[in-house]
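Take a look at the structure set out below.
The values are calculated or read from the model by the stated rules, or taken from the named source; none is laboratory data. In this text, all values refer to a predicted model and were calculated from it rather than measured experimentally. Because the Cβ atoms are built from the backbone with ideal geometry, glycine has one as well, and the counts that use them run over all protein chains shown.
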Amino acid sequence: MKGGQTVENTKTPDLINAITALNNAPLPALMAQYAEIFGKKTDATSDVYLRRKIAYRLQEDALGGLSRKAKARIAELIEKCDPINNKVLRPTVVSGGKAVNRLGTMRDKRLPIPGTILRRRYKEQDIEVRVLEKGFEYNGKRYRTLTAVAVEVTGVHWSGYTFFNV
């Protein structure tokens, strides 16, 4: 290697050029490149998605992917703390050999994890609601349901899930 360059440094200019070229590629070209790189066609029609997937794979091929240790840690964290599915907050309860949904103690799966701030602009007013373990907080006051918050804000009955687009 010349002048202290590492293997990664010698690949970097080509990688940067390849990724930069993705910015100007039309959708059909991105779809073709995706098929070439991944060995299968895609139904994706989002050029942004395809650019990201292709760029990641190009970097992975040039610089190496995640280590086995990193992949194992990611899998462990997803199993423990999956924020999308809230597995920690919604454990499976087994009773009599069957999975049971304890409605009284289970959180609604549409809700984000506690601590999340839901934001909405309504009639020139910024609305911020904090999701709590049990209920919601709006303007320093606790509410049992998201619908109660929507009613407080609008003055009329409105589904809280619809109002906050949850």
Among the residues of segment 92-102, is any surrounded by 12 or more Cβ atoms within 10 Å (Cβ to Cβ) and either at pLDDT 65 or above or out of contact with any Ser or Thr (no Cβ under 9 Å at 6 or more places or on another chain) (or both)? yes
Residue by residue through segment 49-91, note down the ones that are at pLDDT below 85, of a type outside the set (A, V, I, L, M, F, W, C) and assigned to a loop (DSSP other than H, G, I, E, B). 82, 83, 85, 86, 87, 90, 91
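Here is a check on your reading of the model: is residue 161 within 17 Å of residue 108 (Cβ to Cβ), touching an Asp or Glu at 6+ places or on another chain (Cβ under 9 Å) and aromatic (Phe, Trp, Tyr)? Full working, then the answer.
Numbers: within 17 Å of residue 108 (Cβ to Cβ): yes; touching an Asp or Glu at 6+ places or on another chain (Cβ under 9 Å): yes; aromatic (Phe, Trp, Tyr): yes.
So residue 161 fits the description; yes.
For segment 103-110, check the following and say yes or no: at least one residue is within 21 Å of the chain's Cα centre (by Cα), of a type outside the set (Phe, Trp, Tyr), surrounded by 11 or more Cβ atoms within 10 Å (Cβ to Cβ) and modelled with pLDDT of 80 or more. Reasoning before the result, please.
Going residue by residue through segment 103-110, those that are within 21 Å of the chain's Cα centre (by Cα) are 107-110.
Subsequent filtering for residues that are of a type outside the set (Phe, Trp, Tyr) retains 107-110.
If we keep only those that are surrounded by 11 or more Cβ atoms within 10 Å (Cβ to Cβ) as well, we get 107-108.
Those still in the list that are modelled with pLDDT of 80 or more too: none.
Looking through segment 103-110, none of the residues is within 21 Å of the chain's Cα centre (by Cα), of a type outside the set (Phe, Trp, Tyr), surrounded by 11 or more Cβ atoms within 10 Å (Cβ to Cβ) and modelled with pLDDT of 80 or more.
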